[in-house]
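Everything on this sheet refers to the single structure shown next.
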Amino acid sequence: MNLRAVLFDLDDTLHDKSATLRTVAAKQYVTGELSSFGIHEGEWVSQYLDLNNLRIEKTEVFSRLRDRFSLPSDLAESLLADFDNNLGTEAKLYAGALDLVRSCKAQGMKVGLITNGRDAFQRSKIVGMGVAENFDAVVTSGGLGIKKPDLRIFRACLQILDVEPNDAAFVGDDFAADMQPALELGMQAIWKSSAYSPRVAFSSDNLNEIRAFLLSAV
């Protein structure tokens, strides 16, 4: 295996989505003065994480939070606007993520990112986490109008990088959305997971271990 490029998923691969959501939920609990509505912070944070991890629009997330906690509509709308405008500044990388991306770049590999989500919203996370400058290509489903696992979004990123699929690896946490299409295209599939599959080239939920594997493949 002689890799020329490595492509990454964002959320739950490089971006510690749960840690980010916990931080934002706790801040909104304070700024929204939610204790005055008799809401316990632990319950708010728990519901906040659960709903934001569903594959539904953020407008629906905050509508459900409004209904669940009997919030005024204008407050729910304000919390949604704050979420959209400021989550990027709170976005947190997993331990080892920045070193992983920088090491791949330093070894001469092209580095790409493919992520499902609204274009400006996803890019705000990349900027907020301080990793934007390390990517040679960033492709979002919101920008392209195509979501993973559609093979076309993978091909679009590979085309920007000018790399053939069999010269590239894809690192992601979701087998159906990340590993399956990468395998179909002939890419090396690297699964960020503690689970095992004989179909992938490597699997680990430790980014330092993934880094070591990738650097051995250059």
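The values are calculated or read from the model by the stated rules, or taken from the named source; none is laboratory data. No experiment lies behind these values; they were computed from the predicted model shown. Positions of Cβ are generated from backbone atoms using ideal geometry, with glycine treated the same way; all protein chains shown enter the neighbour counts.
Scanning region 64-86 for residues that are within 17 Å of ARG118 (Cβ to Cβ) and surrounded by fewer than 20 Cβ atoms within 10 Å (Cβ to Cβ) yields LEU80, ALA81, ASP82, ASP84, ASN85, ASN86. Counting the residues of region 66-85 that are touching a Phe, Trp or Tyr at 6+ places or on another chain (Cβ under 7 Å) and under 15 Å from LEU21 (Cβ atoms) gives 3.
Identification of strands (runs of 3 or more DSSP E) wholly contained in region 114-218 with 3 or more residues that are in contact with a Lys or Arg (Cβ under 9 Å, 6 or more places away or on another chain) and crowded, with 18+ Cβ neighbours inside 10 Å yields 137-140, 168-172.
So that you can scan it fast, the table gives a plain yes or no per residue for (1) touching a strand residue (DSSP E or B) at 6+ places or on another chain (Cβ under 9 Å); (2) within 18 Å of GLY117 (Cα to Cα); (3) among the hydrophobic types (A, V, I, L, M, F, W, C); (4) modelled with pLDDT of 95 or more:
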site: LEU158; (1), (2), (3), (4): yes, no, yes, yes
site: ASP162; (1), (2), (3), (4): yes, no, no, yes
site: ASP173; (1), (2), (3), (4): yes, yes, no, yes
site: GLN180; (1), (2), (3), (4): yes, no, no, yes
site: LEU185; (1), (2), (3), (4): yes, no, yes, yes
site: ALA212; (1), (2), (3), (4): no, no, yes, yes
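Find all pairs meeting these conditions: Cβ atoms under 8 angstrom apart; at least six residues apart or on different chains; first residue within region 73-97 and free of Cβ contacts under 8 Å to residues at least 40 places away in the same chain; second residue part of a helix (DSSP H, G or I) and surrounded by fewer than 19 Cβ atoms within 10 Å (Cβ to Cβ). Final answer for the pair search is SER73/ARG66; ALA76/SER63; ALA76/ARG66; LEU80/LYS58; LEU80/THR59; ASP84/LYS58; ASP84/PHE121.
Which residues, taken from region 2-42, are exposed (fewer than 13 other Cβ atoms within 10 Å of the Cβ) and not aliphatic (A, V, I, L, M)?
Here is the first cut: in region 2-42, the residues exposed (fewer than 13 other Cβ atoms within 10 Å of the Cβ) are 2, 30-31, 33, 35-36, 38, 40, 42.
Once the filter is applied, which keeps residues that are exposed (fewer than 13 other Cβ atoms within 10 Å of the Cβ) and not aliphatic (A, V, I, L, M), region 2-42 yields ASN2, THR31, GLU33, SER35, SER36, GLY38, HIS40, GLY42.
In summary, ASN2 fulfils each of the numbered conditions (1) in contact with a strand residue (DSSP E or B) (Cβ under 9 Å, 6 or more places away or on another chain); (2) assigned to a loop (DSSP other than H, G, I, E, B) with the single exception of condition (1). Pairing residues of region 138-154 that are polar (S, T, N, Q) with residues that are part of a helix (DSSP H, G or I), at Cβ distances under 6 Å and at least 6 apart in sequence or on separate chains, gives THR140/ASP119; THR140/GLN122. Of the residues in region 87-104, at least one is in the same structural domain as ASN116 (by TED's automatic domain parsing), of a type in the set (S, T, N, Q) and touching a Leu at 6+ places or on another chain (Cβ under 7 Å). Among the residues of region 6-28, is any part of a loop (DSSP other than H, G, I, E, B) and hydrophobic (A, V, I, L, M, F, W, C)? Yes.
Note on region 199-218: residues that are of a type outside the set (Phe, Trp, Tyr) and either touching a helix residue (DSSP H, G or I) at 6+ places or on another chain (Cβ under 9 Å) or under 18 Å from PRO181 (Cβ atoms) (or both) total 12.
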